[in-house]
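The values are calculated or read from the model by the stated rules, or taken from the named source; none is laboratory data. A quick note: this is a predicted structure, and the numbers were derived from the prediction, not measured. Cβ placement follows ideal geometry from the backbone for every residue including glycine, while neighbour counts extend to all protein chains displayed. Note: accessible area is taken over every heavy atom of the protein model, side chains too, but ligands, DNA and RNA are not part of it. Shrake-Rupley method; radii C 1.70, N 1.55, O 1.52, S 1.80 Å.
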Amino acid sequence: MKLEPLKIDLEEIKKGLPGFTPTAASYIAEAASYCLYKSGHDSGVFLLLDEEQRVKIQWNMELSEDLETTWQDEQELVEFAAVGIALPLALLLTSYTDIQRAEKGSRADFWLGRKDENGFPILEALLEVSGIYKENAGNTLKTRVKRKTQQIKKTPYGNLTCYVIVIEFSQPKGKFLKL
């Protein structure tokens, strides 16, 4: 059975994500747009998730010298770009409706949860995110997922559900894993 493609509109992400300010959401959406563009992709590119689910990613980006100079550090670009794809994916693929940045020592990047009737967050799961600009023999999607899975399994919050999302930008493809 063929799955219907999911859709991520990075222009919509720029308006904000649950638990993220529009400024922070705009920053990660810009990184995702530019990283995909720099990898040779146009808006509307399909990311292949878990070798079966297609995710259409759209954006509208004005190319400028400032954009290029803002994102000269490729490692930082890929890190924030992966977050820009992973957070909307986590909201699309789980029942969670709220995101928070996790503290150092949690062994994860983000908390996933929902707000209670009074608007207070209920943190229910952890999310670890990673990105690869271009896969090579020493840095594959499979090896990165394995490393991030081992990392998050060491969380002091061991009784919670944990997720790992790794995005590779050159092809583009990704892996979404629930532990």
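How many angstrom lie between the Cα centre of the range 1-66 and the Cα centre of the range 132-179? Value for the Cα centre distance between the two parts: 19 Å. Divided by 2.2 N^0.38 Å, where N counts the residues, the Cα radius of gyration of the range 131-172 comes to 1.32.
If the Kirkwood radius is taken over C-alpha pairs of the chain, then at 25 °C and 0.890 mPa s the Stokes-Einstein diffusion coefficient equals 149 µm²/s.
For Leu92 and Glu65 in one chain, what is 0.36 nm times their gap in residues minus the Cα-Cα distance, to one decimal in nm? Here the segment from Leu92 to Glu65 would lengthen by 6.4 nm. Within the chain, helices built from complete DSSP H runs that reach 15 Å or longer along their own axis (Cα positions) and carry a mean Kyte-Doolittle hydropathy of -1.0 or higher are 22-38, 74-93. Using a cut-off of 32 Å between Cα atoms, the listed pairs Lys15/Lys154; Lys7/Lys115; Lys104/Lys175; Lys38/Lys178 include Lys15/Lys154 as exceeding that distance.
Checking every one of the GluC sites (Glu not before Pro) in the range 97-159 against DSSP loop status and a limit of 13 other Cβ atoms within 10 Å picks out Glu103, Glu117.
Note on Lys134 and Arg114: their simple-model spin labels are 4.4 nm apart, each label 7 Å out from Cα toward Cβ. Calculated from the alpha-carbon coordinates, the range 75-179 shows an Rg and a Dmax of 13.7, 50 Å respectively. Along its first, second and third principal axes, ordered by size, the range 16-74 spans 36, 31, 20 Å in Cα coordinates. Distances between placed amide hydrogens fall under 5 Å for Gly19 paired with Ile99, all partners being 5 or more residues away or on another chain.
Tally up the carbon and sulfur contribution to the accessible surface of the chain as a whole percent, 1.4 Å probe, everything protein left in place. Here it works out to 47 percent.
Taking the chain as a Gaussian network, where each spring joins two C-alpha atoms under 10 Å apart, which residue of Ser33, Ser95, Ser130 fluctuates the most? Largest GNM mean-square fluctuation: Ser95. The chymotrypsin sites (Phe, Trp or Tyr not before Pro) found in the range 136-179 that occupy coil by DSSP, while having at most 16 further C-beta atoms within 10 Å, are Tyr157. Per residue, the range 37-179 exposes 54 Å² of accessible surface when a 1.4 Å probe is rolled over the protein heavy atoms with every protein chain present. Dividing the Cα radius of gyration of the range 80-130 by 2.2 N^0.38 Å, with N the residue count, gives 1.11.
With the biggest extent put first, the Cα atoms of the range 51-107 measure 39, 33, 23 Å across the principal axes. Computed extension gain for Glu4 through Gln75, at 0.36 nm per residue and net of the alpha carbon distance, reaches 22.4 nm.
Relative contact order for the chain: 21 percent, from Cα pairs under 8 Å spaced at least 6 residues apart, divided by residue count.
With the whole protein complex present, Lys38 retains an accessible surface near 80 Å², based on a 1.4 Å probe. Spin-label pair Leu123-Asp50: with each label point 7 Å from Cα along the Cα-Cβ axis, the two points sit 2.6 nm from one another. Just checking the listed ones, Ala137, Ala125, Ala31: in the Gaussian network model of the chain with Cα springs under 10 Å, the one fluctuating most is Ala137.
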